[in-house]
Amino acid sequence: MYIEVLQPTYNMRNFLFILLLICSSHAFAQTEQTEQTEDKFQSFYNAEKYDSIFSLFSAETKKALPLDNITAFLQNMQSQFGPITKRQLIKSEGKNASYKASFERGTFIWNIAVDKHLSILGFTFVPDKNARNITKLQLPFKGQWDVVWGGDTKELNYHVQSEAQKNAFDILIKDNTGNSFKTDGKHNEDYYAFGKELTAPCDGEIMMVIDGVKDNVPGTMNPSYVTGNTVIIKTVNNEFLLFAHFKNHSVKVKEGQKVKQGQLLGLCGNSGNSSEPHLHFHIQNVENMNMATGIKCYFDKLVVNGELKTDYSPIQKDKIKN
Ligand SMILES: [Zn+2]
């Protein structure tokens with residue numbers, strides 16, 4: 001029997017956040033002084049004073065981006081991702097500055113250009129296509145597991161077709177003969193992975209929990225609830241760790257709860273779009289999977305095929321353990 005899982009989800013994000021970036025000869029090098037504009041933008045955005053943000057625009061930007069449009073765009077950002085909680089300068093070159101902007105429920109690269117009067121010429125919020133986790137992660141289980149899907153190519157990882165799940169892993173347990181079950185594989189209980197404890201890879205906050213989705217009979221899927229029983233953890237670096245397919249009624253954490261590395265989240269199961277018990281795990285830049293871009297996942301310290309590795313991103317056929 002062969003596995004796996006997550007249907008590709010409809011993808012609408014990228015164009016949504018690319019608003020406008022006007023290149024202008026009036027722009028000049030970013031200095032500390034110009035950060036005043038970003039500070040104002042951020043505090044107006046958080047206070048939902050979108051007309052005050054509009055007032056920061058240069059005359060030509062105001063023409064290109066009418067108040068109604070900018071308000072609708074920023075309201076949408078606010079409702080999807082919440083306020084900006086942190087802003088870190090990544091680079092400033094010539095007329096542009098780029099920041100890592102952490103929202104309550106997402107992380108984006110914020111590019112902004114200002115002119116010599118500190119008026120905004122343009123800005124974008126875009127996902128970081130090459131992002132990887134900063135937070136140190138350990139594997140979320142005990143013992144040795146097998147990576148069935150993982151890696152950067154479609155041969156190694158069918159998830160690459162999905163924007164949110166492109167760096168996902170499907171992981172289960174196989175015996176020496178390569179089977180993932182003990183006898184005939186007809187029941188979930190026959191599978192080595194079923195009911196195994198899944199734990200937090202790092203400290204974080206539980207952002208979302210789904211439980212109550214029935215486990216499938218092996219070989220059948222439940223596309224109505226793609227991720228099945230699900231937990232999303234937000235790390236201190238604003239990475240969103242998504243675990244899918246927990247066993248029905250096994251999730252041990254609640255939304256809003258703080259968890260510690262190694263803390264029990266729930267048990268491995270076969271709920272959602274899953275054909276046999278396994279763990280689907282990936283990291284994304286925002287909480288909402290339907291709007292997310294995947295983040296490449298490296299584990300800090302793990303044993304891969306018997307060899308100790310640090311800062312390693314597993315691929316298909318790896319046998320991995322802590
Ligand atoms: Zn998967």
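The values are calculated or read from the model by the stated rules, or taken from the named source; none is laboratory data. Just so you know, these numbers come straight off a predicted model, no measurement behind them. Every residue, glycine as well, gets a Cβ built from its backbone with ideal geometry; the counts of neighbours run over all protein chains shown. Just the protein is used for accessible areas: all its heavy atoms, side chains included, with ligands, DNA and RNA removed. Shrake-Rupley method; radii C 1.70, N 1.55, O 1.52, S 1.80 Å.
What's the number of the condition residue 226 fails, among (1) assigned to a strand (DSSP E or B); (2) open to solvent by less than 40 Å² (accessible area, probe 1.4 Å); (3) touching a residue at least 60 places away in the same chain (Cβ under 8 Å); (4) among the aliphatic types (A, V, I, L, M)?
Among (1) assigned to a strand (DSSP E or B); (2) open to solvent by less than 40 Å² (accessible area, probe 1.4 Å); (3) touching a residue at least 60 places away in the same chain (Cβ under 8 Å); (4) among the aliphatic types (A, V, I, L, M), the lone unmet condition for residue 226 is (1).
If residue 205 satisfies all but one of (1) surrounded by 16 or more Cβ atoms within 10 Å (Cβ to Cβ); (2) away from the ligand (no atom under 16 Å from the Cβ); (3) under 21 Å from the mean Cα position of the chain (by Cα); (4) over 22 Å from residue 322 (Cα atoms), what's the number of the condition it fails?
Against the list (1) surrounded by 16 or more Cβ atoms within 10 Å (Cβ to Cβ); (2) away from the ligand (no atom under 16 Å from the Cβ); (3) under 21 Å from the mean Cα position of the chain (by Cα); (4) over 22 Å from residue 322 (Cα atoms), residue 205 comes up short only on (1).
Condition (residue is part of a loop (DSSP other than H, G, I, E, B) and farther than 22 Å from residue 85 by Cα) applied to the range 264-271: is it met by at least one residue?
Within the range 264-271, one or more residues are part of a loop (DSSP other than H, G, I, E, B) and farther than 22 Å from residue 85 by Cα.
Is it the case that some residue within the range 68-79 is modelled with pLDDT of 70 or more, more than 16 Å from the ligand (Cβ to nearest atom) and closer than 30 Å to residue 246 by Cβ?
yes
Being under 19 Å from residue 299 (Cα atoms) and outside any loop (DSSP other than H, G, I, E, B) is the filter here; which residues of the range 161-178 pass it?
Listed by number, the residues that qualify are 169, 170, 171, 172.
Considering each of 83, 140 in turn, give the residue that is in contact (Cβ under 8 Å) with a residue 40 or more places away in the chain and either open to solvent by 10 Å² or more (accessible area, probe 1.4 Å) or over 30 Å from residue 55 (Cβ atoms) (or both).
Result of the check over 83, 140: 140.
Out of the residues in the range 256-290 that are open to solvent by less than 10 Å² (accessible area, probe 1.4 Å) and aliphatic (A, V, I, L, M), which is farthest from residue 204 (Cα to Cα)?
279
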